[in-house]
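**Q** My questions will all concern the structure given below.
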Amino acid sequence: MERRAELEKTFKPSWIWAIALGSAIGWGCFILPTDWMAKAGPLGVIIGLILGGLIMMLIAVSYGILIEKLPVSGGEFAYAYVGFGRTHAYICGWFLTLGYISIVALNASALALLGKFVIPSITNVVFLYETNGWEVYLGEVLIASIAIILFAYFNVKGSSLSGQIQFIFCVILVAGVLLLTISMLLNPNTSLDNLKPLMKPGIPAITGILAILAIAPWAYVGFDNVPQAAEEFNFPPKKAFSLIIYSLIFAAILYSFMVIATAVANPWQQLVEGKPIWGTADVVSNTLGIAGMIMLCISLLMGVFTGLNGFYVSSSRLMFAMGRAKILPAAFGKLHTKYKTPYVGIIFTGVFCLFAPWFGRPALLWVVDMSATGVTIAYLYTCCTAYKLFKWNENGKSLDIGEENSNGLVSPLKKFICLIGIISSISFLGLLLIPSSPSALGTPSLIALVVWSVLGLFFYLLKRKEYQQIPKETLDFYITGKTLSTGTSTSKSSRETPINLEI
């Protein structure tokens with residue numbers, strides 16, 4: 001059996017928290033509050049986002065369990081393999097790969113969008129063409145491309161560098177949102193009365209809340225980047241769960257603060273009826289002037305940068321795990337000889353994303369909307385695998401991934417929480433895929449989903465024979481570093497340590 005490449009343990013707890021939070025808080029936090037209020041009203045948005053955060057915390061319980069027991073790169077890909085086998089692992093990995101890469105591209109395009117508002121003299125230079133109603137300029141393509149290349153460079157240079165800049169950017173992000181919100185609330189020209197009516201008139205409150213709740217997998221996507229980096233923790237994997245919870249709490253607070261900061265300047269219904277391109281920028285500029293716009297732009301930049309960096313980490317680690325498992329070409333499973341980073345996955349992500357700015361932002365949004373389905377599928381696989389780990393009672397059956405004393409597997413509470421995670425994930429899928437849902441995917445996004453599924457099927461059929469011929473013991477080793485059927489380790493780092501299932 002060939003030697004298994006392993007990533008170095010360099011990520012500190014604060015960096016992991018920053019990866020989770022920074023990946024969840026992106027451009028949408030600063031650009032979409034007006035759109036959200038149009039669906040549910042200020043309080044409806046806040047309730048929907050908080051409920052979504054709480055549901056994500058329930059789903060995060062399954063992540064915390066599996067990160068502790070399987071601290072390897074690949075995250076949901078590895079969990080789907082352990083719980084359901086190699087074909088399901090491929091399905092999960094295929095959808096997640098596109099999801100993570102497309103979010104890198106979307107964050108880069110958000111820089112161009114910001115430039116259109118703040119520095120149009122630089123962004124809107126050399127008109128190229130119009131696509132899907134979006135005017136594409138060479139200036140915006142160059143801005144997005146430079147960001148993509150720059151963060152690819154940071155990530156190739158080393159995990160420590162990407163972790164450090166992620167934490168710094170995240171601290172600035174949190175400080176910027178807090179300062180901006182406090183400034184808006186304390187300004188004499190703003191009033192909490194502008195939040196009324198708290199819910200959107202004319203529709204049942206629950207309808208508006210559900211419309212916001214449906215975006216939770218997208219709004220909070222980022223905490224699931226944590227398991228992708230689990231192999232690189234320089235701390236006990238058990239601590240990952242608390243870091244995820246802290247990041248979700250911070251994310252819910254920051255989202256809520258930006259909704260309040262947007263709504264207090266003017267009666268929110270007037271703002272919505274005006275259909276502004278960027279409502280938050282309009283009210284901040286009118287209320288706080290240039291100082292407010294600087295705070296808003298810096299905060300947005302930090303959100304974009306942390307999203308770019310965080311999803312570079314997760315996409316490259318996922319492809320590294322799939323390359324190590326021989327699903328992707330073996331080159332993806334190799335590390336840089338000097339920096340010890342999964343450089344092939346990083347470069348591939350960068351090259352793939354360099355095409356995105358040329359297609360226009362609307363086309364990219366279709367792909368990202370579709371990718372929310374893939375992320376939710378990953379949530380479902382994770383919760384199902386964690387559910388299978390535990391037994392309702394002594395006579396029940398549990399997932400066999402090692403020779404252990406089964407008493408620790410009897411946990412009705414943990415099994416019930418995992419079951420709630422399963423139901424929540426299925427509900428999120430329904431909200432995305434059922435046509436009558438308030439947050440159903442549009443036709444272009446559904447077409448993109450079908451195209452990606454067909455491509456995945458084609459690629460699987462192409463690799464199926466080779467993939468299926470890998471002995472289970474070998475594949476166990478490639479994906480988890482252990483031989484799961486016996487509970488023994490073949491990895492140098494865990495040679496005498498079976499997987500411990502005692503929670």
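**Q** Filter the stretch 71-94 down to residues that are surrounded by 24 or more Cβ atoms within 10 Å (Cβ to Cβ) and aromatic (F, W, Y) and give me whichever is nearest to the chain's Cα centre (by Cα).
**A** Out of the qualifying residues, it is F77.
**Q** Also, quick follow-up: Identify, by number, the condition in (1) within 16 Å of the chain's Cα centre (by Cα); (2) of a type outside the set (S, T, Y); (3) open to solvent by less than 20 Å² (accessible area, probe 1.4 Å) that I55 doesn't meet.
**A** (3)
**Q** Sticking with this one: Criterion first (in a helix (DSSP H, G or I), out of contact with any helix residue (DSSP H, G or I) (no Cβ under 7 Å at 6 or more places or on another chain) and either farther than 28 Å from L254 by Cβ or among the acidic types (D, E) (or both)) does L142 satisfy it?
**A** Yes, satisfied.
**Q** Those residues that are among the aromatic types (F, W, Y) and modelled with pLDDT of 90 or more, I need them from the stretch 260-304; list them, please.
**A** W268
**Q** Here is a follow-up. Read through the list (1) touching a strand residue (DSSP E or B) at 6+ places or on another chain (Cβ under 8 Å); (2) at pLDDT below 90, then give the number of the only condition that F233 fails.
**A** (2)
**Q** Take the stretch 352-385 and flag every residue that is open to solvent by 10 Å² or more (accessible area, probe 1.4 Å), more than 14 Å from the chain's Cα centre (by Cα) and small (G, A, S).
**A** A356, A363
**Q** Within the stretch 450-484, count every residue that is loosely packed, with under 14 Cβ neighbours inside 10 Å, in contact (Cβ under 8 Å) with a residue 24 or more places away in the chain and closer than 23 Å to P227 by Cα.
**A** The number of residues fulfilling the criteria is 0.
**Q** Turning to a different aspect of this structure: Check off (1) within 14 Å of E231 (Cα to Cα); (2) among the aliphatic types (A, V, I, L, M); (3) part of a loop (DSSP other than H, G, I, E, B) for A321 and give me the number that stays unchecked.
**A** A321 satisfies every listed condition except (3).
**Q** Just give me the residues in the stretch 431-440 being open to solvent by 20 Å² or more (accessible area, probe 1.4 Å) and under 20 Å from I91 (Cβ atoms), in sequence order.
**A** L433
**Q** When A230 is evaluated against the numbered criteria (1) assigned to a helix (DSSP H, G or I); (2) free of Cβ contacts under 8 Å to residues at least 40 places away in the same chain, which criterion, by number, is the only one it fails?
**A** (2)
**Q** Take L296 and decide whether it is part of a helix (DSSP H, G or I) and in contact with a Leu (Cβ under 7 Å, 6 or more places away or on another chain).
**A** yes
**Q** How about the stretch 250-264: which of its residues are open to solvent by 10 Å² or more (accessible area, probe 1.4 Å) and under 16 Å from the mean Cα position of the chain (by Cα)?
**A** Across the stretch 250-264, the qualifying residues are F250, A252.
**Q** Another question about this same structure. So the check is Cβ under 6 Å with 6+ separation or different chains; which pairs have a first residue in the stretch 54-67 that's touching a residue at least 60 places away in the same chain (Cβ under 8 Å) and acidic (D, E) and a second one that's assigned to a helix (DSSP H, G or I) and open to solvent by less than 10 Å² (accessible area, probe 1.4 Å)?
**A** none
**Q** Looking at this structure, is V313 part of a helix (DSSP H, G or I) and either at pLDDT below 95 or of a type in the set (K, R) (or both)?
**A** yes
**Q** Could you please tell me which pairs satisfy a Cβ distance under 7 Å, a separation of 6+ or placement on different chains, a first residue in the stretch 337-360 that is assigned to a helix (DSSP H, G or I), and a second residue that is open to solvent by 50 Å² or more (accessible area, probe 1.4 Å) and hydrophobic (A, V, I, L, M, F, W, C)?
**A** Listed pairs, sorted by first residue: G350/I149.
**Q** Determine the pairs where a residue that is more than 21 Å from W366 (Cα to Cα), located within the stretch 113-141, has a partner that is modelled with pLDDT under 85 and charged (D, E, K, R) with Cβ atoms under 6 Å apart, the partner being 6 or more residues away or on another chain.
**A** T123/K116
**Q** Report, by residue number, each residue of the stretch 20-52 that is buried (at least 24 other Cβ atoms within 10 Å of the Cβ), in contact with a Leu (Cβ under 7 Å, 6 or more places away or on another chain) and of a type in the set (A, V, I, L, M).
**A** Within the stretch 20-52, A20, I25 meet the criteria.
**Q** Further question: Is one or more of the residues making up the stretch 1-13 within 19 Å of the chain's Cα centre (by Cα) and crowded, with 19+ Cβ neighbours inside 10 Å?
**A** yes
**Q** Restricting to the stretch 327-343, what's the tally of residues that are farther than 18 Å from A78 by Cα and open to solvent by 30 Å² or more (accessible area, probe 1.4 Å)?
**A** Residues flagged as farther than 18 Å from A78 by Cα and open to solvent by 30 Å² or more (accessible area, probe 1.4 Å) within the stretch 327-343 amount to 8.
**Q** Kindly list the number of the only condition in (1) assigned to a loop (DSSP other than H, G, I, E, B); (2) at pLDDT 95 or above that fails for F257.
**A** Just one mismatch for F257, condition (1).
**Q** Restricting to the stretch 171-208, and then to whatever is among the small types (G, A, S) and assigned to a helix (DSSP H, G or I), can you tell me which residue is farthest from the chain's Cα centre (by Cα)?
**A** Looking at the filtered set, the residue picked out is S183.
The values are calculated or read from the model by the stated rules, or taken from the named source; none is laboratory data. Treat the numbers as computed from the prediction; the structure is a model and nothing was measured. Ideal geometry is used to build each Cβ from the backbone, glycine not excepted, and the neighbour counts take in all protein chains shown. To get the accessible areas, we keep the full protein, side chains included, count just its heavy atoms, and leave off ligands, DNA and RNA. Shrake-Rupley method; radii C 1.70, N 1.55, O 1.52, S 1.80 Å.
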